[in-house]
Each structure stands twice: as C-alpha cells, then as structure tokens.
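The values are calculated or read from the model by the stated rules, or taken from the named source; none is laboratory data. Source: prediction; values computed, not measured. Heads up, the Cβs are rebuilt from the backbone with ideal geometry, glycines too, and the neighbour counts pull from every protein chain shown. Accessible surface is based on the protein model in full, side chains and every heavy atom, while ligands, DNA and RNA are left aside. Shrake-Rupley method; radii C 1.70, N 1.55, O 1.52, S 1.80 Å.
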Amino acid sequence: MYMRHFTNKLDQLNISRMFQNDFLLTWEKTDDEIAAIFTVADALRSLRENNISAKIFDSGLAVSLFRDNSTRTRFSFGSAANLLGLALQDLDEGKSQIAHGETVRETANMVSFMADVIGIRDDMYIGKGNTYMREVAHAVEHGYRDGVLEQRPTLVNLQCDIDHPTQSMADMLHIIHHFGGVENLKGKKIAMTWAYSPSYGKPLSVPQGVIGLMTRFGMEVSLAHPKGYEVMSEVEKVATENAAKTGGKFTKTNSMAEAFEGADIVYPKSWAPFAAMEERTILYGNGDITGISDLEKTLLAQNAEHKDWECNEELMKRTKDGSALYMHCLPADITGVSCEQGEVSASVFDRYREPLYKEAGFKPYIIAAMIFLAKCKNPGGTLENLAAKGQPRWLDR
Amino acid sequence: MYMRHFTNKLDQLNISRMFQNDFLLTWEKTDDEIAAIFTVADALRSLRENNISAKIFDSGLAVSLFRDNSTRTRFSFGSAANLLGLALQDLDEGKSQIAHGETVRETANMVSFMADVIGIRDDMYIGKGNTYMREVAHAVEHGYRDGVLEQRPTLVNLQCDIDHPTQSMADMLHIIHHFGGVENLKGKKIAMTWAYSPSYGKPLSVPQGVIGLMTRFGMEVSLAHPKGYEVMSEVEKVATENAAKTGGKFTKTNSMAEAFEGADIVYPKSWAPFAAMEERTILYGNGDITGISDLEKTLLAQNAEHKDWECNEELMKRTKDGSALYMHCLPADITGVSCEQGEVSASVFDRYREPLYKEAGFKPYIIAAMIFLAKCKNPGGTLENLAAKGQPRWLDR
Amino acid sequence: MYMRHFTNKLDQLNISRMFQNDFLLTWEKTDDEIAAIFTVADALRSLRENNISAKIFDSGLAVSLFRDNSTRTRFSFGSAANLLGLALQDLDEGKSQIAHGETVRETANMVSFMADVIGIRDDMYIGKGNTYMREVAHAVEHGYRDGVLEQRPTLVNLQCDIDHPTQSMADMLHIIHHFGGVENLKGKKIAMTWAYSPSYGKPLSVPQGVIGLMTRFGMEVSLAHPKGYEVMSEVEKVATENAAKTGGKFTKTNSMAEAFEGADIVYPKSWAPFAAMEERTILYGNGDITGISDLEKTLLAQNAEHKDWECNEELMKRTKDGSALYMHCLPADITGVSCEQGEVSASVFDRYREPLYKEAGFKPYIIAAMIFLAKCKNPGGTLENLAAKGQPRWLDR
C-alpha cells in the first residue's frame, strides 16, 4: 500500500512527546519531530490526491484568533481544520466581551469547551505574541487537568513575534520537494536576505523562522541585511548552534550580492529592525502617538536608503547557474506592480509564480500535520486506517 | 424509485460540458444545460424532502467573496454548500491582506488550495464584476493545470454587473412549478417592469437576468421602463435572439400599464439607468466625490418623476384574469411599509407573500445544482447512488 | 448500557410537547420538560466523554443572530451546533440587507430555508428582545405550515430582556452536580444579589432568569439589591408562585449581608435598575442623545453609592460553613483586576475559578439538549441509537 511509504518513515521516529502537545517554535522540536511533520504532511496530501478522506474528527472545533490581517494563513488554518473534520470558529475580539477585563486564562477556557485546536496569530509586538500563546497553552492544560475541558486543545503558532513555524515548515517542505529529498540538501546555500519595501513595519518572524529552521539540514544559511536591520540575537544563536550540530553553516553579511553569490535558494523579503520594533512596542504600551509617528518617519527614511536591495535579474545571475529557487511568503512587494520600488522585480517574480504558489500550497498540509500529530496516539496506524477505509472525499461519479 | 423521474430527464440531456465548468451567464449555457440545472435542483429538493443526505463531499470548502451586502444570496450559498457537504469560508477583504497589492491571480490561488467552489458577488461597477469573475476562473484553471491546486474550484456568479443567474434561475424554476411544467409556458406573458424606489442605484442584473433567461421558453417577455432607464443593449440583443429561436417574443414599452396588460406574470422592480451606472463607475474610478454626489441628486430627481410606476391593485386588474403571479427578488420597497412610496403597494405584496417566499426558496437548490453538475462526472448516477444509500439527513427519531 | 441511566429518566417524563417547539422562557416549561433538558445535557456530555459522536444531523444550519457582543454564549451555541452536526451561519445584520426595510417575517423565512435552529441574543431594550424572538418563531412556524420551509427551525433564546434560559439552566445543572443531585436541594439557600460594578447598564436577564428558575426546586431564593434596583415585577411574581408550588421560598432584602447569611450558594452580580432600562429604551426610541447621556451619569452616580456591595471574604464568612458555592455568569468585575472596585474581591474569585469555569462548561450541553429535544420525536431512543452505533468523535489512535 502506498501509505506504507510514509508510515515506515514514521515508525523510525521518536515522536511520543508530540501527542497532546503544542507547536510554538521549530527549535523546541527534535529533528525526529520535524521530520514527522513533513512525513505526515506528505501523507495527508497523498490521501487527498487519492480522493480519500483524512477526517479524524467526526465533529469538533478549530478556534482561530487572528490579531493581524491574514488571507493565506487564515485560509490555510481553515483548510487544515476542514481536512481533518473540524469546524472553524473565529474568536473575533471585536465581537466578543474580551475587552471587558477578562483574563487570558478565562478566555482560553471559555472558548475551548469543544475546541480541539487553537490557532493564534499575534505578531505585532515584541515580547508579547509568543508569550500570549504560552499563557493560552498553560491555561487549557490546566483546564484539561481540572476537568473543566474534556479535551486538551492543541496550540498552533500561526505567527508570533519570534517564529512563523507554519510558514518556515511549508517553505522547507517546498525546498525538500524541489531538490528531491532532504538527503540532497547538504551543502546547498540559501540566502535569507532583507529587501526594500515602501512599508516599514513588517514582522521579523519570517527571517527568524527561516534561519532557525533551515540551519538544521546541513545547508549554508546566509543572512543578509543592511546595518541596523538585525534580527533577534536569540534566534541567531539558535541558528549558529543548529549549524554547528548538523554540519551546516550560518553566515551573516551586509551585502545582498554576497548572499546571492552561488546560492541555490534566495528568499529576499523586507522586515523591520528588531530594535525599532522593541521601541515601537514600548511606545504603543505608553500610548505615545507622537513617538509612534516619529518612529514611523525615521524608519521609512532609513528604509529609503536601501532601495537598491531589490531581487532583480542582475542579482539572480550571481546565483547557482543563474537559476536559484526564488522564495517568498507572499504577498511580495513587486516593483512596478504593487509599488513603485519593491522587494523584487516583476520579471523575476513572474518567472517564479508557479513555484511560489506551490510553496504556499504546503501550508495547509503542514498545519494539518501539526494537529494530526498532536491528536493521534499512533499516527502511523491512523494513517493506515484512513487509507484502508478509503472513504472518498468527493463523490465525483 | 422516485429518483428515476429526475435521472431519466438527465439522461436525455447533453451536459458533458458542465463537468469542471463555471456558471457565469445563463446565455452561455445551452438549453440542455439550463434544463439540467432545474432537474438537479428539483432532485436535490426531493432528496431533502425525503430526509436523505445529498452530501457529495466528505470535506472541502466553499469560498464566498461578497463585495456587496447580502442576506438571501449569502444564506443561499451557505445552504447549498452545506447541503453538499462543504464548509463555508468567507473571504472578507477587510480582514485579509489583499489591499496589500496582491493580484487577482494570486488571491484566487491562495484561497483555493482546498476550495471546491468559489461564489462571488460583485455587482457595483459596470464592466468590472463579471470581468473579475472571469479573471478568478482563469487563475484557478491555470493553478489546477500547473499542479498548484489539486482540484479545480467551480466559479458561481452570485450577481455581477451583467447577470444574476442564481436569481433568474430560481425565479424561472418558481414559474415552472407555478404553471405545472415548462411545457405550459408557451405564449405566457411576463412583464419585467421598472418600478419606483426612493433609493437610486439598484443593480441592473435582475432585469437583465430575467430578459436574458425568460425569453428562452417561448414566453412573451415585455420589458417596461420610463425613458432613460434602458438596460445594457448587449443583453437586449440576447433577449431578442433567444425569442427568435424559441418562438417567444421580446417587446419593449415605456408604459407599465401596457406591460401589465394580460400578463401572466409581473416582475416590477427598481433599477438604475445603465448609462448612469457607467458614469458612476468612471466617477468612482476617478475618486470624484463631488461628481458622485451630483449624480446621486440627479438620479433621485429623475426617479422622483416616476413615482406612479407602482405595482398596485389598479394595475394588477389589467393582468390575466386580474391574478398574474407577482414576483420580486426581495427585499421589495413596499409603499407605506418600508418607505413612503415604493415599488409595490402593501396590499398586493401581502397577497403574494407566500409565493414570494417560495420563489426565494428555490435559490439554495439552484446554487447546489450548479455546483453538483460541475462536480459530478455522472450526475444522474450520483443522484441514484445518494437515493439508494439513503443516509438520513436528520435522525428525528 | 450506561445510556440506560439517562433514558430511563426520560421515559418517566411527559415531554411530548417539546418536539418542534422553542425554548424562550424557563417558566413556560413544565417541570418534566426542565428535567428532560438536564437529563439530555448530561447524556450528551456522557457520549462525548466516551468519545461517541452525538451527531443527529448529517448536514443542516444553525443560524445565530447576536445583537450584542458575546464570547461565551456565541461559542456555546457554536459548540452545541457542532456537537449535533450543524454548521454555524451567523446572521450579521451589518453585512446583510436587513436595514433595507425588511420585515421580521421576511428575514426569518429568508435565512431558514435550511436552518434547523435559530439562536437569538437580543437583550438591550426592555420589551423588545423576547417580543422579537416570538415574532421570528411565529414567522417560521407559518413558513413551515405554508410549505415555504421544509423544516421548522427551533428558536433558542440566547438572552433576552426578560430571561437568559441557557445561562440559568447551565447554572442550575452546575448546582445539581455540585450538591450531588436535585433531591439534595430542598431547603438550600441561594443568594441572588446585586453587586457594584463601574459599568452601569448590565442586563437584568441573569437575576431574573435565576429567580424564575431556582425557585422551582424547593430552595430558598433570596433576592438582594439596593433600593432602586428592582427587577421586573412579572418575574418576581413567577418566583413567588414557583416557591409556593414547590415548597421553596422567595424572599427579598436590601442587605447583601442578610442574603449571604447561611447561604449555600451566592450569585453576586451587577445589573441595571429595571425602571432605568425602561427609560433608556424610550430615550433610544426617540433618539434622545442628551437624555441617554444624562441617564448614564445619573445611573453611574447611583451605582457609586453602593460600592460596598462587593462579594469579599468578610461576607463569604457569613455563608453556610463560610464556604458557599460562589457563582457568576462571567466575565466578572474583579476588584483590583479588571477594575478598581468591582463585584467580587480577587481572593474570593480566584478561589472559585475552577467551579466557575465548570459552571460555564454546562452551557454548550444545555443548548444542545434544547435543540435535541426539539428535534427528536423519541429522544430516549435516539440517545440509545447513538450509544449503540458508537461512532467515535475522534480517531485518536
């Protein structure tokens, strides 16, 4: 049976700690656990390609809490929930009574009586998002132990101030498929570089997620940005340690061209300086409107000094055989299309449209795999059962 | 078996082109295809009346994108999706990152990884709505061919600037049932007439949808409106050609009374002049606030000259035996109820409340039929299977 | 079989009137009907604890109409719907065309073509909320009889101006479980008392719901509030009559301490004076902004005279053995946590966090039981069937 291919892999992995657990940061997960996510994501996709239902829930809720706008991640979470049989229930803070002075612990329990998973996006303020997720996880763990909740909802980080694990894992699975397997990645070079955008406060979670994850596969990860656009030093430390352990490399440069040199993969994307985001968080905390407005001006002026950080044909020629895999979490700021001057030239972006969309297409399966592995005591067995049962997803004839 | 009644009909129709296709304009569909929609809508209703599940999807998403307010169509789409086993996922442009400078092609792919159907309402601007739908259809067709999407989502036009096919098809099915079959419609007269409303910019898609569809059944379709309230000439051309082909008639008049004369069916409804809507679209495009405000005043003044275009008892007496079937897409502007002076007098409206609600009740089944025929290679066989399986929708005992 | 425990109870109850009926006020229901709700709520919970699906619907919609913000009730309704197999469809009046001048009768029918249940929260204006629900119930009853609707949607009152039955029933089931059965409640004292809050217009439906329901179980219900904070006299009359019939007591006092004296249960909660809410309703009706603002000031000043109405350790000592069960519908105004001075001191609230969350946790099952009993002709038989079928809710292995 074709499912055996995936379950054989799972059998070799130590994943006992994943059951009833959360997914908050990739670097909290072992290599086996990371490998299990990829395997289950591929297995779930394979079920769908074979028109076989992957529903492990007959009923149940997937609660989403988005504190920032989102299309891709919102739809990916909704798709993953649906794939596994859960109904989406948005916790729209505007329509709720949360502003009323309610604690995180209370809200977490109140929305979880029938919740099997809670997905949270909270990426705006440094030091807040991931902390909030842990508070929610802690609250539902307690609620479950105290008998308030009949099931333990799994937390999935849909982007926080530190990491964006559903994005970096989808990106990584795209890379694995593109290069024909994780075993082919040794020595490959990926350039995670800053790029110019006319908007100034983009989250750091994508570059941090990428350097924190991609350094685990024996690749060379080159982080490039203008001076002043440093990411969190804690995550750089993670990247350095990962590289040391896996025979990879983690290098830093202030030259986009240097990072592109000989790269197999390029990921040019705008982000805000970490120090500025810390400052902004404090200004918001103090309700300092003038300070925020001043900071915005400063940052836009600072950005404008680096308009030459654009991924264009000239730079692409420097990459391996001039044909590195171009990646982006989307939406990209495309020069002459979505803005006057942006992260990437239109001709480069257009050439990579198909792989970019495929890259994005891994996210629903990554999220579904995170939920699946947190919900199934014996994930391999459950996959086999689903395949054996062969319930059609779609009666197309 | 009672399902045989419907599947026998389907067997006689050439509907091979419907599989994996969209539903954008009724006049792009053959007579067989139109007949198939009605047949499947009736079959799905029959399943439900017999408490039999019509779920052809075990999981999957129905994505809705409403660019205008809606109750009826929104609930009809949600109901149709649910009937077939799909979960509704709203693409709320406010909550998404679409404003960010993202292309239609990108958005269309990003929301479609697990979408089986996309329903769009975009009726505000002339030349835009239907065009947008075709761009989305084109994008997902490409996404499917390129392997970005594992299924080809079907596009359903939930109202555009040109046509409102789910409305006109529901209206037509109501007429068919009212007169006991499509074979009884030959020579019947339907008056699609303008009526006064105190609001000025109502879409043209309903009258256009009605004249574009109802002229296909051998009926006399009389389009009546004051001078200056012309509809799109392209659609009038469609109506004229339809009538010529099917032995029906398409006539025009500037007198409500003339249209009502001997009519079997009357459909009095306000709409905006096509030329004015074209102008408004340009003004919006230019962000010309003063121009829009001036146009609004002009249009309201123009409207106010025709307050006598009201469907009242006096006019109803002129219809066939004084008892034509009164139709409306709802909500209607009712004189003395929802406004001082409106499209219809309260006594006429009240008398037709039950048939009006039944008319609206066909819409969920019409939408479900559109999806069903786009998703089933052998729709008759699938209907037979559903009936034979006999899965109860509701365990009421 | 463990389900027999519940179905044996149901067999002894006369509940034939519940099928196809609504749930608007607890005092319209017989003791048997109230007992049936508790029994089915416990049975549904038991199914879930045993990982057995309680889906009685293969498809269908649960329509929710919230005219006030809500987290708990919104999620409880969504959870109940999901538990039984229904998909939630929000009727968001902002996104709909209802403002257009549409009647309640029309809206009710338009959203109900595939609706099995409609849940409404409308608690803001005196004399309006419950009336609105009855109009909707009446409309869908007619729609069903006229053949417009193929099923009769059940109305569930999710909080109105008079009662909050899903709250008071959940509260009561919590009490029953806490004291080990309804047979142990005879002579127990519950103090339903007003408490200070810095916000001024909280609905009366909770205290009214509590005195209207808790007086039916042979308990002593003591209603305490400062002078001027009277609740609806009609509901006090219900409470008095209930107590007379069941050998309980309904007493009133203007002293929080007196109510707490020897109480087994305390329920301290802020509410607005009924007379002021009536006045506010009239002011809103007249669009009298100045009047509303003046009333708000008056009410806040009136509130501020009673800051000593706080449930604190001092008062708790007066209760039975100093350890009465503290209850609240949440979110509570906690002194020093969510406000400077509130309904309850932080130490009391913290001590009761677990039971408070459990109290809230009964609501989804209460709502599901209300729907279940309105939808199943033979609820006991259906429960037995679900248990016998044993469809797992969650394939966790």
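Here are a few things to note about the model shown:
- The C-alpha atoms of region B:310-383 occupy a region whose extents along the principal axes are 51, 29, 16 Å, arranged from largest to smallest.
- For C:Leu88, the residues whose amide H sits under 5 Å from its own are C:Ala62, ignoring neighbours fewer than 5 places away on the same chain, with H placed 1.01 Å from N.
- Principal axes of region B:252-397: Cα extent on each, largest first, Å: 60, 49, 34
- The charge dipole of region A:131-193, taken about the Cα centre with unit charges on the Cβ atoms of Lys, Arg (+1) and Asp, Glu (-1), comes to about 360 debye, rounded to the nearest 20.
- For chain B, the alpha carbon positions stretch 56, 53, 45 Å along the principal axes, listed from largest to smallest.
- Cα-based Rg of region A:227-293 normalised by 2.2 N^0.38 Å, two decimals: 1.48
- Using a 1.4 Å probe over protein heavy atoms, the accessible area lost on pairing B with C, summed over both chains, comes to approximately 3900 Å².
- Positive end of the dipole of region B:289-368 (Cβ unit charges, origin at the Cα centre): among B:Ile292, B:Met316, B:Ser345, the Cα lying farthest that way belongs to B:Met316.
- Subset of B:Lys55/B:Lys358; A:Lys55/C:Lys358; A:Lys375/C:Lys377; A:Lys377/B:Lys375; A:Lys186/A:Lys363 violating a 26 Å alpha-carbon distance limit: A:Lys55/C:Lys358; A:Lys375/C:Lys377; A:Lys377/B:Lys375
- Scaled radius of gyration (Cα, divided by 2.2 N^0.38 Å) that region C:188-238 gives: 1.15
- Cβ-derived FRET efficiency at R0 56 Å, C:Gln391 paired with B:Ala301, nearest 0.05: 0.30
- Closest approach to the axis - chain C beta-carbon, rotation onto B, Å: C:Ala87, 4
- Average Cα contact separation per residue, region A:72-208, under 8 Å, 6 or more apart, as relative contact order %: 22
- Three semi-axes of the equivalent ellipsoid, region A:113-164, Cα gyration tensor, whole Å, largest first: 23, 11, 6
- Taking the DSSP bridge list for the protein assembly as shown and keeping only pairs wholly inside it, about 5 percent are antiparallel.
- Sorted from nearest, the other copies put their C:Glu230 label points 7.0, 7.0 nm away, the label point being 7 Å from Cα in the direction of Cβ.
- Taking amide H as placed 1.01 Å from N in the peptide plane, A:Val266 has its amide H under 5 Å from the amide H of A:Ala191, A:Leu325, A:Tyr326, A:Met327, each at least 5 places away in sequence or on another chain.
- Listed residues C:Leu325, C:Met256, C:Leu84: farthest to the positive end of the dipole of chain C (Cβ charges): C:Leu84
- Derived scalar couplings ³J(HN,Hα) [region A:217-225; Karplus, 6.51 cos²θ - 1.76 cosθ + 1.60; whole Hz; x for Gly, Pro]: 10, x, 8, 8, 9, 9, 9, 10, 6
- Part-to-part distance (alpha-carbon centres) for region A:299-321 and region A:332-386, which is given in Å: 24
- Label distances, nm, B:Gln302 versus same residue in remaining copies, Cβ-directed 7 Å point: 5.5, 5.5
- Tensor-based shape of region C:1-87 (alpha-carbon gyration tensor, a/c under 1.5 rounded, otherwise prolate or oblate): oblate
- The mean sequence distance of close C-alpha pairs (under 8 Å, at least 6 residues apart), as a share of the length of region C:153-280, puts its relative contact order at 32 percent.
- When C:Lys186 is represented by a point 7 angstrom out along its Cα-to-C-beta vector, the spacings to that point in the other copies are 8.1, 8.2 nm, nearest first.
- Fraction of the pair-distance distribution of region B:84-193 above 17 Å, Cα-Cα pairs, percent: 64
- Of B:Thr30, B:Asn8, B:Gly119, farthest towards positive along the dipole that unit charges on Lys, Arg, Asp, Glu beta carbons give region B:1-135: B:Asn8
- In order along region A:370-382, phi translates into HN-Hα couplings of 4, 5, 3, 6, 7, 10, 10, 5, 10, x, x, x, 5 Hz, rounded to whole numbers, per the Karplus curve 6.51 cos²θ - 1.76 cosθ + 1.60 with θ = phi - 60° and x for Gly and Pro.
- Karplus-based coupling profile of region A:81-86, in residue order and whole Hz: 4, 4, 4, 8, x, 9, with θ = phi - 60° in 6.51 cos²θ - 1.76 cosθ + 1.60 and x standing for Gly or Pro.
- Cα-based equivalent ellipsoid, the protein assembly as shown: semi-axes from gyration tensor eigenvalues, Å: 45, 45, 31
- Accessible area (Å², 1.4 Å probe, nearest 10) - A:Ile366: 0
- Mean partner shielding of peptide B:147-156, defined as the number of other chain Cβ atoms within 10 Å of each residue Cβ, is 3.
- Amide H partners (placed H, <5 Å) of C:Glu220, local residues excluded: C:Gly187, C:Lys188, C:Lys189, C:Ile190, C:Lys249
- C:Arg152 contributes about 10 Å² of solvent-accessible surface, heavy atoms of the protein only, 1.4 Å probe.
- Ligands, DNA and RNA left out, the 1.4 Å accessible surface of the protein assembly as shown is 49% carbon and sulfur atoms.
- Region B:11-145: C-alpha gyration tensor shape, a/c 1.5 cut-off, then a/b vs b/c: prolate
- Evaluated on region B:137-237, the Kirkwood hydrodynamic radius is 15.9 Å, with distances taken between all distinct Cα atoms.
- Student exercise, chain A dipole from Lys, Arg, Asp, Glu Cβ charges, in Debye to nearest 20: 1180
- Built from the Cα atoms of region C:1-43, the convex hull projects on average onto 3.1 nm², one quarter of its surface area.
- Cβ charges +1 (Lys, Arg) and -1 (Asp, Glu), total dipole of the protein assembly as shown, debye: 3460
- The rule of thumb for compact globular proteins, 2.2 N^0.38 Å, goes into the C-alpha radius of gyration of region C:159-198 1.43 times.
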